[in-house]
Amino acid sequence: MLLEGKIAIVTGAASARGIGRATAKAFAEQGAHVAILDLDLEAARQAATELGEGHLGLAANVADEAQVRDAVAQVLARYGRIDVLVNNAGITQPVKTLEITGKDYDRILDVNLRGTLLMSQAVIPTMREQKSGSIICMSSVSAQRGGGIFGGPHYSAAKAGVLGLCKAMAREFGADNIRVNAITPGLIQTDITGGLMHDERRHAIIEGIPLGRLGEARDVAHAALFLASDLSSYLTGVTLDVNGGMLIH
């Protein structure tokens, strides 16, 4: 068991076909107690129940500092420690540069980037006291290649910001034995992408992927499991590409 007895928080993990849910499941299968944070309390509780006994479902908007701190306090009250944080919660919007409004910008940056900061700020003091912890930040291939397939430029900017924040936190908290790493998924089949992919477009995209298929949520979940576990104990500040070779650099 790679995470036996560990306490993990996974944000944005209530969606049945999402990366967060697959990550929570992979962690639970490897012995972790998982706290699922999501906007929808009932969905979060249901997801936690489906993982089995010993898991927790909580409601929190990761862009709201008070809600974040309250959720983390509930995790600590239940389990007494936090070993892993997966900053998975995110939203996207398929618009072009000149179509982005101030409201759009704030919404995308708040959830994807500010949420990563607020969640990390909330768990780091506990991890410092423990002298151990792993924070995993979910970025995107769109941050590296200058735009994605479904996300606008503000999404790319937010996810690029996640990479910069991740590296800076890794440098700052390494002395506390807190590891901070990022994952950059390529095109993954989730509820978000599923309804947007036409067969013709899907085939065109797959032709540009050396491994010849779209990614699955469990592909990203297994990368997160590696970064959460002691198998990656000497890795911090890294960006782990999970894109089937869509971007090789």
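Side notes on the structure shown:
- Histogram of C-alpha separations across the chain, 10 Å bin width, %: 8, 33, 38, 17, 3, 0
- Distant alpha-carbon pairs in segment 198-249 (separation over 18 angstrom), percent: 44
- Each of the peptides 128-141, 101-114, 62-75 was scored by the mean count of other Cβ atoms within 10 Å over its residues; in descending order, highest first, they stand as 128-141, 62-75, 101-114.
- Rounded to the nearest 10 degrees, the inclination of helix 217-228 to the longest alpha-carbon principal axis of the chain is 40 degrees.
- Taking 37 °C and 0.692 mPa s as conditions, segment 49-147 diffuses translationally at an estimated 216 µm²/s according to Stokes-Einstein applied to its Kirkwood radius (Cα pairs).
- Backbone HN-Hα couplings from phi across segment 179-189 [Karplus 6.51/-1.76/1.60, Hz, Gly and Pro as x]: 9, 10, 9, 10, 10, 10, x, x, 7, 10, 6
Every number in this text was worked out from the coordinates using simple rules, so none of it is lab data. All of these numbers come straight from a predicted model, not from anything done at the bench. No Cβ is skipped: glycine too gets one built from the backbone with ideal geometry, and neighbour counts run over all protein chains shown.
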